[in-house]
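Since every read-out is calculated from the coordinates, none of them should be taken as a lab result. This structure is a prediction, so every number in the text was calculated from the model and none was measured. Quick reminder, even Gly has a Cβ in these numbers, built from the backbone with ideal geometry, and neighbours come from all protein chains shown.
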Amino acid sequence: MDRWVMYAKSGNPASDIAKAWLKNNGIPFESNSVFRLTRGEIARLADLIPGGVREMIYPDVFSFSMINPQRDFERKYIEKIQSGQLSEEEMRDLLAEVPSLAISPIITNYKTVIVGYDLDTMVSTFRFVKVKDVTIA
Amino acid sequence: MDKWVLYGKSGNPASDIAKAWLKNNGIPSENYSIFQLTREEIARLANLLPGGAKDLVYPNTFSFSLINPQKKTEKEYIHQIHKGELTEDEIIGILGTYPALVISPIITDYKTVLVGYNLEKMVSTFRYVKVKDITMA
Amino acid sequence: MSRFDVFREAGNPMFNDNKLKLGIFGPNVSNSCSMTLANTTFKPDFETNVKIAKMMEDAGYECIVPVARWRGFGGSSNFNGNCMETYTWAAAMAAVTKKIYLFCTSHVPTMHPIVASKMLSTIDEISKGRIGLNTVTGWFPKEMDMFAGKKMEHDKGYEYATEWMEVVLKMWSEQFFDYKGDFFEIKDGWQEPKPTQSPRPVLISAGTSKKGREFSARFTDFNFGYIESMEHGKEWTNYMKKLAWDEFRREINTFTTGFVVCRPTEKEAKEFYDYYVREQGDWEVANIICDMFGIESSSNSIDFLTKARENFIGGWGGWAFVGTPEQVADEMIKISKTGISGTLVSFLDYVEEMPYFNENVLPLLEQAGVRKPIKQEESPEEQENTNTELYSPVQV
């Protein structure tokens with residue numbers, strides 16, 4: 001059986017909609033706050049993403065602030081990351097320290113990782129998903 | 001007494017936080033959904049903005065989709081609007097048809113217009129605001 | 001007999017046998033102690049406050065300390081913006097409660113000591129000896145600016161507070177007295193009623209600076225403060241006791257504060273903490289307050305800055321009691337072992353969260369011997385009679 005895990009932030013429209021999509025389409029999943037992302041988990045996810053950890057992070061200050069209107073000192077890290085000054089490892093360290101930089105939702109079964117919400121991606125990803133084990137020995 | 005109007009979208013963090021700011025700082029406001037914006041109202045607001053109607057619109061599709069994860073039709077217009085190929089009237093017409101393109105919150109007393117949430121702007125705008133009439137004849 | 005013996009003998013809850021006394025902090029202000037936009041049913045209104053106080057009396061808590069605020073801190077929560085003034089609050093609470101000890105929190109520069117002392121004597125009469133005084137000098141500039149720039153330079157603030165307190169103590173204990181200081185001149189001072197409780201209303205203050213601690217040691221019965229570690233709690237308590245004895249030949253206790261997120265599992269507690277602090281916290285107000293306390297972003301690590309802000313958002317910088325009933329009780333027992341007399345607690349949603357804490361944490365504190373089970377003194381019938389007597393408009 002596939003185990004799906006979601007990292008989400010309450011009040012973020014994309015997180016809330018992805019959660020509703022999974023629930024209403026009968027896909028069991030484990031939901032955690034993005035603030036539960038550990039260094040190890042970040043590495044595990046980033047390794048599965050073609051562009052690495054940077055794809056898990058807001059691409060610009062404007063979009064970061066749309067979802068986190070009150071977060072202030074984090075903004076400079078977005079700029080730093082996007083300017084390309086940091087190595088993959090440094091970005092992973094930084095994200096572990098400041099998980100609010102992560103786009104949510106992040107949805108994964110540890111084979112594939114979906115960052116953000118997009119209906120087509122949801123539909124194409126959740127095909128032939130086994131949600132209940134009825135063949136126990 | 002000053003009359004303040006807020007156009008918001010529920011579930012948009014910036015709208016929700018601006019609404020909370022006004023309420024918790026004791027500033028009465030009339031709250032409407034962004035979807036209640038009429039063509040006339042948009043023209044009235046656009047007239048008050050230095051860059052006109054395009055100042056009301058999300059700067060790119062990524063930020064638009066963060067707040068409107070489920071809307072697709074509108075996306076193509078964002079590019080068109082910011083490319084500068086449309087007349088002011090054409091932009092206002094599009095926004096009248098697709099109010100989701102408008103950044104929320106929009107806060108106005110029809111002398112000044114705030115687009116989006118920014119704490120410093122809120123603090124500097126709301127000085128000497130008369131909120132209760134106690135001097136009736 | 002020492003002052004503390006007199007309080008004890010008079011049956012003052014702040015001096016009862018419980019090694020770890022419990023109270024709550026700030027039920028009279030919007031958001032109480034949590035700087036967040038998270039959903040809560042909590043309202044800083046009288047009805048809610050009475051409901052909370054009744055729950056506390058049923059569970060045997062010792063006290064309620066209100067917050068005095070004249071304006072909010074800004075931000076979208078405008079943290080603490082809506083505040084029931086504490087003297088009038090205490091007078092009303094006194095009339096509808098029976099056992100819990102209440103405090104007024106008074107910014108000394110905002111009120112003349114004769115008015116303050118008389119209001120306290122009056123509330124003492126209403127409450128039958130259950131009112132105490134928490135003095136604050138006023139550290140929030142925007143608030144004190146409203147009072148014609150009365151925010152005094154720090155040390156001068158304490159000199160003013162010292163005279164203010166001397167006048168209050170004389171009003172409570174002397175008749176026909178003269179007083180001349182740099183700030184107050186009282187001619188032929190006189191007051192009735194005097195406080196009914198013995199020896200006088202309990203005095204508390206929360207100064208952490210040198211002057212603040214001296215003021216506390218000189219006048220008060222409890223110095224309130226935040227602790228950074230159990231070791232720090234022990235050092236602070238010893239320091240205060242020594243200071244009060246060496247300098248002023250008097251006894252003093254310490255009391256701390258914290259916030260509670262108590263759930264059946266640690267996972268649930270941490271998830272709720274994530275929600276109301278990290279996801280829905282009012283980070284702007286946390287920044288405003290950290291700036292006021294001089295917590296600079298340039299000279300501190302990200303980790304430190306985040307932790308400091310989270311503690312403010314969670315519960316005004318207090319100790320984080322986050323976890324299962326066992327974990328929360330364990331932390332409280334540790335605090336008690338440092339010599340600190342008790343802790344105030346805050347909840348995001350008192351009415352929703354306090355019953356679980358009362359039912360699951362208090363018994364563990366009793367088992368550990370730091371609190372005694374509450375005595376069941378009156379039958380419900382008798383209680384009803386007393387209530388009728390208290391509330392009946394016919395009698396007034």
Spatial separation of Cα centroids for the range C:15-54 and the range C:139-196, in angstrom
29 Å
Percent antiparallel among DSSP beta bridges confined to the range A:5-125, rounded to 5, stands at 65 percent
In 5 Å bins starting at zero, report the fraction of Cα pairs in the range A:5-125 per bin as a rounded %.
2, 11, 24, 24, 20, 12, 5, 1, 0
For C:Phe184 and A:Arg44, what does the FRET efficiency come to when R0 = 56 Å and r is the distance between their Cβ atoms, rounded to the nearest 0.05?
0.25
Evaluate the charge dipole of chain C about its Cα centre and quote only its size in Debye, nearest 20, assuming +1 on the Cβ of each Lys and Arg and -1 on the Cβ of each Asp and Glu.
760 debye
In nm, to one decimal, how far is the modelled label at C:Glu268 from the one at B:Lys71, with both set 7 Å along Cα→Cβ?
3.9 nm
Nothing charged except the Cβ atoms of Lys and Arg (+1) and of Asp and Glu (-1): what's the magnitude of the dipole of chain A about its Cα centre? Round to the nearest 20 debye.
440 debye
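Hand me the chymotrypsin sites (Phe, Trp or Tyr not before Pro) from the range C:240-340 located in a DSSP loop with no more than 15 other Cβ atoms within 10 Å, in residue order please. Walk me through the intermediate numbers first.
On the way: sites: C:Trp245, C:Phe248, C:Phe255, C:Phe259, C:Phe272, C:Tyr273, C:Tyr275, C:Tyr276, C:Trp283, C:Phe293, C:Phe304, C:Phe312, C:Trp316, C:Trp319, C:Phe321; in loops: C:Phe293, C:Trp316.
Loop-located and lightly packed - C:Phe293.
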Counting helices only, and only those DSSP H runs with n ≥ 4, report the 222 nm mean residue ellipticity of the protein assembly as shown as the sum of -39,500 (n - 2.57) divided by its residues, in deg cm²/dmol to the nearest 500.
-12500 deg cm²/dmol
Pair C:Tyr356, A:Asn24: separation of 7 Å Cα→Cβ label points (nm):
2.8 nm
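Sort the range C:222-379 into rounded, prolate or oblate with this rule: let a ≥ b ≥ c be the square roots of the eigenvalues of the Cα gyration tensor; rounded if a/c is under 1.5, and if a/c is not under 1.5, prolate when a/b is larger than b/c, oblate otherwise. Kindly include the intermediate steps, with their values, before the conclusion.
Details: a/c = 2.14, a/b = 1.08, b/c = 1.97.
In terms of gyration-tensor shape, oblate.
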Spelling it out for B:Asn31: with amide H atoms placed in the peptide plane at 1.01 Å from N, the residues 5 or more places away or on another chain with amide H under 5 Å from its amide H are B:Leu6
Can you give me the long-range amide H partners of A:Tyr58? Hydrogens built in the peptide plane at 1.01 Å from N, cutoff under 5 Å, separation of 5 or more residues or another chain.
A:Ile103
In whole angstrom, note down how far apart the Cα centers of the range B:90-131 and the range C:218-274 are.
46 Å
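For the range C:150-272, what mean projected area does the convex hull of the alpha carbons give, in nm²? Please list the in-between numbers first.
On the way: hull surface 46.4 nm².
Average projection, Cα convex hull of the range C:150-272: 11.6 nm².
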Ratio of Rg to Rh for chain C, alpha carbon only, Kirkwood?
0.95
Backbone N within the range C:329-354 under 17 Å of label point (7 Å from C:Glu366 Cα along the Cβ vector)
C:329-330, C:333
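If you place +1 on the Cβ of every Lys and Arg and -1 on the Cβ of every Asp and Glu, how big does the dipole about the Cα centre of the protein assembly as shown come out, in debye to the nearest 20?
Values: 76 positive and 90 negative charges, 41 e Å.
Its charge dipole is roughly 200 debye.
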The range B:1-54 to the range A:1-52: how many Å between their Cα centroids?
33 Å
Please name whichever of B:Leu66, B:Thr38, B:Tyr7 sits farthest to the positive end of the charge dipole of the range B:5-125, dipole taken about the Cα centre and charges placed at Cβ: Lys and Arg +1, Asp and Glu -1.
B:Leu66
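Average the reciprocal distances over every distinct pair of alpha-carbons in the range C:235-304, invert the result, and give the Kirkwood radius in Å.
On the way: mean 1/r = 0.0623 Å⁻¹.
Over the range C:235-304, the inverse of the mean reciprocal pair distance is 16.0 Å.
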Checked against the positive end of the charge dipole of chain C (+1 on Cβ of Lys and Arg, -1 on Cβ of Asp and Glu, about the Cα centre), the farthest of C:Val115, C:Met354, C:Leu20 is C:Val115
I'd like to know which of A:Ile57, A:Ser100, A:Phe128 lies farthest towards the positive end of the charge dipole of chain A, counting +1 on Cβ of Lys and Arg and -1 on Cβ of Asp and Glu.
A:Phe128
5 Å is the cut-off here: which amide hydrogens, built 1.01 Å from N in the peptide plane, fall below it relative to C:Trp319, excluding neighbours closer than 5 in sequence?
C:Ile227, C:Thr257, C:Gly258, C:Phe259
So if I restrict to the alpha-carbon atoms in the range B:5-125, what is the Rg, and what is Dmax, the biggest pairwise distance, in Å?
13.8, 43
Mean projected area in nm² (Cα convex hull; one quarter of hull surface) for the protein assembly as shown:
38.7 nm²
